[in-house]
Amino acid sequence: MFSPDRQKLLMCRRLHAPYKGLLNFVGGKIAPGETGLEAAYRELWEETGVTVDDIHLAHLMDMTYYLDGCYVEVYVGRLHKQVAVHGDENALHWLDRNYNFFDSRVFAGEGNIGHVLEHVDYWGDRVLL
C-alpha cells in the first residue's frame, strides 16, 4: 500500500517466523470460500484499518513456491487520501520509497519485496490508480 503521493510504502514488522523481526508487506491467508481480492481487502482492513473505500487494489502477480507448498497472490494499491493506519498484530511503518528493498537483513522474502516493487515501478499508473 502506497501513500497518496506514492512516496511512502506501508510495511509491517513481523512478530512471528518466518522472518520474525523483519519488515514485510501487509498480508495474510485466503479464507475458504474467499477470492484472493476479497482476502486482500479483508487483510488490509484487519491489519491497518484501511477500507475498500480508501484504496483500489490491483492484482499485480502470483508466486508459487512448489517445494514449500506455498502460493502467494500480490495486490498493490495507492490510498485515495491520507488515512490514519493502525494495527494490533504487527507494528506498522511508513517507509520512503528510496529504501533498498532488496536488503534481506531488513526486509523479509530474500529480495522478493524489491522484485515486487520493480514491477510496480514498471507498471506505474496501470496498477496505482
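Only the coordinates and a few stated rules stand behind these numbers; no lab work does. Given the structure is predicted, the values throughout are model-derived calculations rather than measurements. When we count neighbours, we look across all protein chains shown, and the Cβ atoms used for this are built from the backbone with ideal geometry, even at glycine.
Side notes on the structure shown:
- Part-to-part distance (alpha-carbon centres) for the range 86-111 and the range 6-36, which is given in Å: 10
- Measuring nothing but how far apart in sequence close Cα pairs (under 8 Å, 6+ apart) lie, relative to its length, the range 1-123 scores a relative contact order of 31 percent.
- The GluC sites (Glu not before Pro) of the range 76-129 meeting both criteria, a DSSP state outside H, G, I, E and B (loop) and at most 12 other C-beta atoms within 10 angstrom of the site's C-beta, are GLU110.
- Sites listed here are trypsin sites (Lys or Arg not before Pro) in the range 18-109 whose DSSP assignment is loop and whose Cβ has at most 15 other Cβ atoms within 10 Å: LYS20, LYS29, LYS81, ARG97, ARG105.
- Residue-averaged 222 nm ellipticity for the chain, from DSSP H runs of 4+ at -39500 (n - 2.57), nearest 500: -6000 deg cm²/dmol
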